[in-house]
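> This is the structure, below, for whatever I ask next.
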Amino acid sequence: MQSLWSLFLYLFGLLVDAFSLCEMPAKLHASKLDRDQYFGTWFFTAAASSFPSSLEPFTTTDSIMFRMTQSDSPERLQLRAAIRLKTGQCVPRSWIYLLTEQSADLATEGRPYMRTELFTTKCPDCIMVKETDQGYQRILLYSRTLHPAENCITAFKSQASCLDMDEFLLIPRTHSACKFQES
């Protein structure tokens, strides 16, 4: 009787998945990325999470422009940010992402518990990133264009809702973007 009940629940789960409006995005394997496609400039567009505290670091932000480049070795990627705060102040930041053949995710140098996963989106020139660290999980939308199409934002919000992330933050981008500082 128990195995029949388990089979019923399994089949019911398959049926629910088949009729679900939520479609999981395709995960990108970080160490196998087409670097020509993903290197270069990206604009931070939106963020979502289950808890407002996970989005709190972005509430003072007006815009963020990122530049992904190859570091001094193939397993290290350099990410530089030019952050414009709502006050107008520009704040530079930089990170090193570490790639390993064993993992599909990016590790962040100096943050051993941080996990960064990359996903495709239905919008051209966009990428979705899922960040998980101690105490938070959030998804972020990046675009090659400063103002992506509205349907890209709507699709991201829908994906966030499917992941039970109902807290949403759209980056305002009311000021011009900051310039990257030379390192």
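> Just want the ordering: T154, T108, from fewest to most Cβ atoms lying within 10 Å of their own Cβ. Let's see the in-between values first.
Working: T154 11, T108 18.
Fewest-to-most Cβ neighbours within 10 Å comes out as T154, T108.
> Listed highest first by mean packing, meaning other Cβ atoms within 10 Å per residue, what order do 82-93, 141-152, 45-56 come in?
On the way: 82-93: 14.4, 141-152: 16.7, 45-56: 18.4.
Going by the mean number of other Cβ atoms within 10 Å, highest first, we get 45-56, 141-152, 82-93.
> Another one. Taking the alpha-carbon distance from K27 and a cut-off under 24 Å, which lysines remain once sequence neighbours fewer than 8 residues away in the same chain are dropped?
Within reach: K122, K130, K157.
> Would you calculate, for the chain, the mean residue ellipticity at 222 nm contributed by helices, counting each DSSP H stretch of 4 or more residues as -39,500 (n - 2.57) and dividing by all residues, to the nearest 500?
Details: 3 runs with 35 residues, N = 183.
Computed ellipticity for the chain at 222 nm equals -6000 deg cm²/dmol.
> Order of M65, M24 from fewest to most other C-beta atoms within 10 Å? Walk me through the intermediate numbers first.
Working: M65 20, M24 11.
So the residues, fewest neighbours to most, are M24, M65.
Since every read-out is calculated from the coordinates, none of them should be taken as a lab result. All of these numbers come straight from a predicted model, not from anything done at the bench. Cβ coordinates were reconstructed from backbone atoms using ideal geometry, including for glycine residues, and neighbour counts include every protein chain displayed.
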